[in-house]
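The values are calculated or read from the model by the stated rules, or taken from the named source; none is laboratory data. None of the values given here were measured: they were computed from a predicted structure. Neighbour counts are summed over all protein chains in view; Cβ atoms, including those assigned to glycine, are modelled from backbone coordinates with ideal geometry.
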Amino acid sequence: MDRLAAMKTFVRVVESGSFSAVAQEAGSSQGAISKQVAALERELGVSLLTRTTRSLALTESGGRYFEQARRLVAEIEEAEVELRQGELELRGWLRIAASVGFGRMKLMPLVRRFMAKHPQIRVDLRLHDGFIDLVEQGIDVAVRIGEQVDSGLVARRVGTSQRMLLAHRDYLRGLPTALPPLRHPDDLAQHNCLIYTGMANRNLWSFTAGPTAQEPAGTIKAVRVEGNLQTNSSEVMRAAVLAGMGIGNSPSWLFEQELASGEVERLMPDWMAPDTPIQLVFPPERRHSAKLRAFSEFVAPALHSQLS
């Protein structure tokens, strides 16, 4: 049995979801493709797929093997193409992860341009506001906002996420006329603050006094805020701010158009919230991937120009 050929067939069966689709791609029969995968299972001594008349599903062992096999197949194909061609033609899957809001608003336009430049590339873009294990999920590269805590990953800084206090004009118009303007972090006690639970400090908001603040420049003030809504979703946070439900402590890029139009206003500009780094991170074994290198070199300067 040709182990590499069987591995490639298995990967394509999982990706396409059927033996018949792979058979059509290969100009072979469904039975031949099924036998190839069965031979691989016998060689490995484990069942990789659960087969029914209508669907295929990975077994637990199959899921683990699939992630490793997919990476190996991709790396071998890249090496073969690079040997055959003087100029590398990028092809195959590139698996990218990011938070939902950043992925939709900042990353997706760049992904679209990258795919237009490399038409043989296929992208699996996974958006999630929670933590994703890159190795376990088979991710090639992720865009992460915050300090890199996983020392086992390679990181490349591409920009800065500037946080600020924000509120929709409808929220501000609805405040009691007797309420004094928001000028100091302590004044937040009189407001409904929307809590993003994806932040490590959650409802403990920290600010540094600027040169025009009431306190000496550089003074750090941390205040515990309260509100009637908390969420782990950046998209829900954005929707809540736009609905005039309260004050958000959010990245400026999440409200660029609304800030420019005046629909959303920056509050307490004399006090600055901590900025957080934006980084491309990837497993060290992927550092030699031609697709990853090309994507990194394409995206990094674009994000840097937008977020620096």
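Details
- Filtered residues of the range 279-292 (kept if farther than 20 Å from D133 by Cβ and either modelled with pLDDT of 90 or more or in a helix (DSSP H, G or I) (or both)): A290, K291
- Top-ranked residue of the range 19-63 - restricted to ones that are loosely packed, with under 14 Cβ neighbours inside 10 Å and of a type in the set (S, T, Y), ranked as modelled with the highest pLDDT: S29
- Among the candidates R169, R183, R112, R126, residue that is more than 17 Å from A302 (Cβ to Cβ), surrounded by fewer than 18 Cβ atoms within 10 Å (Cβ to Cβ) and without any contact (Cβ under 8 Å) to a residue 40 or more places away in the chain: R126
- Flag for G198 being surrounded by fewer than 19 Cβ atoms within 10 Å (Cβ to Cβ), modelled with pLDDT under 90 and not hydroxyl-bearing (S, T, Y): yes
- Filtered residues of the range 293-308 (kept if modelled with pLDDT under 90 and under 22 Å from E67 (Cα atoms)): R293
- Only one entry in L242, L204 is assigned by TED's automatic domain parsing to the domain that holds E265, modelled with pLDDT of 90 or more and surrounded by fewer than 14 Cβ atoms within 10 Å (Cβ to Cβ), namely L204.
- The single residue among A209, A189, A222, A213 that is exposed (fewer than 14 other Cβ atoms within 10 Å of the Cβ) and either modelled with pLDDT under 90 or more than 23 Å from H168 (Cβ to Cβ) (or both) turns out to be A222.
- Failed item, numbered, when Q85 is tested on (1) touching a helix residue (DSSP H, G or I) at 6+ places or on another chain (Cβ under 9 Å); (2) of a type outside the set (A, V, I, L, M, F, W, C); (3) modelled with pLDDT under 85: (1)
- Only one of T160, T177 that is more than 23 Å from S234 (Cα to Cα) and hydroxyl-bearing (S, T, Y): T177
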